[in-house]
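Have a look at the structure below, then the notes.
The values are calculated or read from the model by the stated rules, or taken from the named source; none is laboratory data. Because the structure is predicted, anything quoted here is derived from the model rather than measured. Cβ sites come from the backbone with ideal geometry, for glycine too, and all protein chains shown count toward neighbours. Just so you know, the surface numbers come from the protein's heavy atoms only, side chains and all, with ligands and any DNA or RNA stripped out. Shrake-Rupley method; radii C 1.70, N 1.55, O 1.52, S 1.80 Å.
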Amino acid sequence: MDITFTPPRRIARWKWLLGFWGAVALTILAVFLTTWNTFFQYVPPGQHLVIIAKDGAPLPPGHVLAKPGEKGPLAEVMGEGWHFVMPIAYERKLEPNTTIAAGKVGVVTALGGKPLPPGRILADEGEQGIQRRVLPPGSYRIYLLGYKVEEKPATEIPVGFVGVQRRLVGRETDEPVIEADANGRVAEDRKGLLPTVLQPGLYYINPYEYDVIPSEVGIFQTTFAKDDASNRLQVADNQLRTPITFTSRGGFPISVDCTVEWEILPEDMPRLVAEYGSRSRIEENVIDLQTHAIGRDKGSEYGVLDLLEGVKR
C-alpha cells in the first residue's frame with residue numbers, strides 16, 4: 001500500500017493561493033457590478049426611465065421637456081430592459097407607466113410647448129395645452145413632469161340609440177347642422193352638430209372636442225286615451241296622452257282613444273336634435289300636436305253614425 005504524504009507547507013500554500021484568487025475574483029466582481037450599475041439601468045415591467053441632461057442648450061421659452069442637445073429632462077423616455085446611461089452627463093430615475101382602464105379614455109394636457117394660436121382650444125403634437133389626440137385603454141410611457149393625464153369615461157352608444165355629435169370647438173355657424181360636401185366631409189374648423197351619427201358601440205372621443213348626445217331611434221307608439229289604470233296597463237311603456245276630442249258633423253262632442261305609430265330614422269336625428277332636442281320633445285311638439293290637429297280637422301267631416309259604423313270617405 002502506497003501512502004502519499006503532503007507536507008504542511010504545501011497545504012498552507014494552496015490555501016493561501018485559493019484565498020488570494022478568491023479575493024481577487026470577488027474584488028473583480030464587485031468592481032464589475034459597481035461599474036455596471038453606474039453605467040447601466042434596468043427598467044422593470046410597468047415602469048419607464050426618465051433621463052435628465054446635466055448640460056446643453058437652455059430650453060426654449062414655455063418648454064419643460066428637452067430635446068437631444070438641450071439641458072433638462074428629456075422628452076423621450078426609455079422602456080423595459082437594460083439601458084446605458086453616462087452618469088457624468090445624465091441623471092436618471094424610474095417612474096410608473098400611466099394606465100388607462102377599460103371603458104375609459106385618457107385626455108392629455110401638455111404642460112409645455114409652443115403656445116396655441118389665438119382662437120385655438122385644442123393642441124396638436126408639440127403645442128402646449130389640451131391635446132386633440134386621446135389615449136385609448138392601455139399602458140403608456142408618459143413623463144408626468146411634462147404632461148397631465150385625465151381619465152374620462154369613454155362614449156358608449158347603447159343598442160337602439162345613435163350618437164349625435166356636437167363639435168365644441170371652432171368658429172360659430174348659423175346652420176343648425178354643419179353641411180357636408182359631396183364626399184361626406186365637414187369643415188374641421190366649425191362648431192355645431194355634425195350630419196353623421198355614431199352607431200351603437202364604444203368610442204374613444206375627446207370630451208373637450210365633442211359632446212355626444214345618445215338619441216333613441218326606431219319605431220315608437222304613442223297612445224291617446226283616458227288616464228285610468230286599465231289604459232295604463234294596456235299601453236305598458238308607451239306614453240299615455242289625452243284622447244282625441246273634436247266636434248262631429250252635426251255638433252256632437254266626440255272623444256276617441258287611439259295609438260299612433262311613428263318612426264325616427266338615424267340620418268334624421270341630427271336635425272331633429274337641433275330643432276327639438278330629444279325624442280320626448282319630438283313626441284310632445286310633433287306627434288301630440290299633429291295627432292290632435294288631424295283628429296279635429298278630419299273628425300269634423302264625419303257624423304256620429306259614420307263614426308259608429310266606420311263609414312269610409
I want to confirm something. Restricting to segment 78-103 and keeping residues that are at pLDDT below 90 and in contact with a Lys or Arg (Cβ under 9 Å, 6 or more places away or on another chain), which single residue is most open to solvent (accessible area, probe 1.4 Å)? Ile88
What tally of residues in segment 169-184 results from selecting those that are in a loop (DSSP other than H, G, I, E, B) and either of a type in the set (S, T, N, Q) or surrounded by 15 or more Cβ atoms within 10 Å (Cβ to Cβ) (or both)? 5
From the option list Glu267, Glu301, single residue qualifying as surrounded by fewer than 14 Cβ atoms within 10 Å (Cβ to Cβ), touching a residue at least 12 places away in the same chain (Cβ under 8 Å) and under 30 Å from Arg167 (Cβ atoms) is Glu267
Matching residues in segment 44-77 (buried (at least 18 other Cβ atoms within 10 Å of the Cβ) and either modelled with pLDDT under 85 or farther than 20 Å from Asn97 by Cα (or both)) number 4
Can you pull out the residues in segment 185-220 that are assigned to a loop (DSSP other than H, G, I, E, B), of a type in the set (D, E, K, R) and more than 11 Å from the chain's Cα centre (by Cα)? Arg185, Glu188, Asp189, Lys191
Output the residue which, of all residues in segment 104-127 that are hydrophobic (A, V, I, L, M, F, W, C) and not in a strand (DSSP E or B), is surrounded by the fewest Cβ atoms within 10 Å (Cβ to Cβ). Ile121
Inside segment 143-160, can you point out the residues that are open to solvent by 60 Å² or more (accessible area, probe 1.4 Å), farther than 24 Å from Val77 by Cβ and part of a strand (DSSP E or B)? Pro153, Glu156
Number of the exception - Val108 against (1) under 15 Å from the mean Cα position of the chain (by Cα); (2) within 27 Å of Pro266 (Cβ to Cβ): (2)
Which of (1) out of contact with any Gly (no Cβ under 9 Å at 6 or more places or on another chain); (2) more than 30 Å from Leu202 (Cβ to Cβ) does Val43 not meet, given it meets every other one? (1)
